[in-house]
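**Student:** Can you keep this structure in mind? I'll have questions shortly.
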């Protein structure tokens, strides 16, 4: 598919061993990896997750000599209030093609840490997580391009569509209004849909996003293994086309580009 997967990881992320060269074999197109930058992660006792950013950027530059500038530079920015200033300093010190924003933690635990005492009551969890997303976008919109996996807080603790709407519809609409106002794209995360069974949550969120007037949508596989590159993209494009969505968005040098969905089918 002639579209740049907007959420992938390589061995520079703590939870992946994927090689750039193996991704490049799957397409003649450009690729971008969005490596984790998670500072003071509660899962590690508030120690930074390892990311050798200088080596990552240098490796991309070196491979681009061999691969004719087919590799772009990206990060998945794990935001929290306590690390905000450090993150801004890092992002301002380097040039990237794509920065996606993730809210992995509530400041006490990572929402996917099954060993933590997770909040399991949707009446509390849903508004709390959506408030965290709103705060993160409000704080970071000038620096990031995409809001990743809006459902991350609901991957381990099951939340139904009814519960999402009952406890979070107004907050979700407010979040989408903020994304639209700040020109931040909404990500359809295929890892959430295929690995975490949140398809119905995404269908509901997409409907609300479109109702609010949103038109910046990215597709991300959230691949940590090469086999998951662009997994489910054809089906996602078919679904969006059925909703009369015209374009997918991707980023180069943090500038939004768009491709017609019908050209991808």
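**Student:** Quick one: if the Förster radius is 30 Å, what FRET efficiency do residue 203 and residue 131 give, using the C-beta to C-beta distance and rounding to 0.05?
**Tutor:** Numbers: r = 23 Å, r/R0 = 0.76.
Efficiency at R0 = 30 Å is approximately 0.85.
**Student:** Next up: Under the rule of -39500 (n - 2.57) per DSSP H run of 4 or more residues, summed and divided by the residues of the chain, what mean residue ellipticity at 222 nm is obtained, to the nearest 500 deg cm²/dmol? Before the final figure, lay out each step's value.
**Tutor:** Values: 8 runs with 97 residues, N = 265.
Rounded to the nearest 500, the figure is -11500 deg cm²/dmol.
**Student:** Roughly what would the spin-label model give for residue 142 and residue 117, points 7 Å off Cα along C-beta, in nm?
**Tutor:** That separation, rounded to one decimal, is 3.9 nm.
**Student:** Would region 112-237 count as rounded, prolate or oblate if I go by the C-alpha gyration tensor, calling it rounded below 1.5 in a/c and otherwise prolate when a/b exceeds b/c, oblate otherwise? Walk me through the numbers before you get to the answer.
**Tutor:** Values: a/c = 1.40, a/b = 1.03, b/c = 1.36.
Verdict is rounded for region 112-237.
**Student:** Determine, for 36, 149, 84, 104, the number of other Cβ atoms within 10 Å of each Cβ, and report the residues in order from fewest to most. Each step should come with its number before you reach the end.
**Tutor:** Working: 36 21, 149 27, 84 15, 104 24.
Lowest to highest Cβ neighbour count: 84, 36, 104, 149.
**Student:** OK, next. Tell me, 164, 24 in order of fewest to most beta-carbon neighbours within 10 Å?
**Tutor:** On the way: 164 23, 24 18.
Ordered from fewest to most neighbouring Cβ atoms within 10 Å, 164, 24 come out as 24, 164.
**Student:** With each pseudo-label sitting 7 Å past Cα toward Cβ, what's the residue 81-residue 215 distance in nm, one decimal?
**Tutor:** Using points 7 Å along Cα→Cβ, the separation is 3.6 nm.
**Student:** Would you mind calculating the gained length between residue 227 and residue 46 on full extension (0.36 nm times residue separation, minus the Cα-Cα distance), in nm to one decimal? It would help to have the intermediate numbers written out before the result.
**Tutor:** Working: separation 181, 0.36 × 181 = 65.16 nm, distance 3.16 nm.
The span from residue 227 to residue 46 would gain 62.0 nm if fully extended.
**Student:** Describe numerically, in nm with one decimal, the distance between label points set 7 Å from Cα along Cα→Cβ at residue 182 and at residue 67.
**Tutor:** Distance between the two pseudo-spin positions: 3.1 nm.
**Student:** Order of 163, 35, 200, 142 from fewest to most other C-beta atoms within 10 Å? Walk me through the numbers on the way to the answer.
**Tutor:** Values: 163 17, 35 22, 200 12, 142 9.
So the residues, fewest neighbours to most, are 142, 200, 163, 35.
**Student:** From the Cα gyration tensor of region 20-264, with a ≥ b ≥ c the square roots of its eigenvalues, which class applies: rounded if a/c is under 1.5, or else prolate if a/b is larger than b/c, or else oblate?
**Tutor:** The shape class here is oblate.
**Student:** Multiply the residue separation of residue 260 and residue 21 by 0.36 nm, subtract the distance between their alpha-carbon atoms, and state the gained length in nm to one decimal. Can you show the working numbers first?
**Tutor:** Working: separation 239, 0.36 × 239 = 86.04 nm, distance 2.77 nm.
Additional length available on full extension: 83.3 nm.
Each value in this text was obtained by applying a stated rule to the coordinates, not by laboratory testing. These figures come from a predicted structure and were not determined experimentally. Cβ sites come from the backbone with ideal geometry, for glycine too, and all protein chains shown count toward neighbours.
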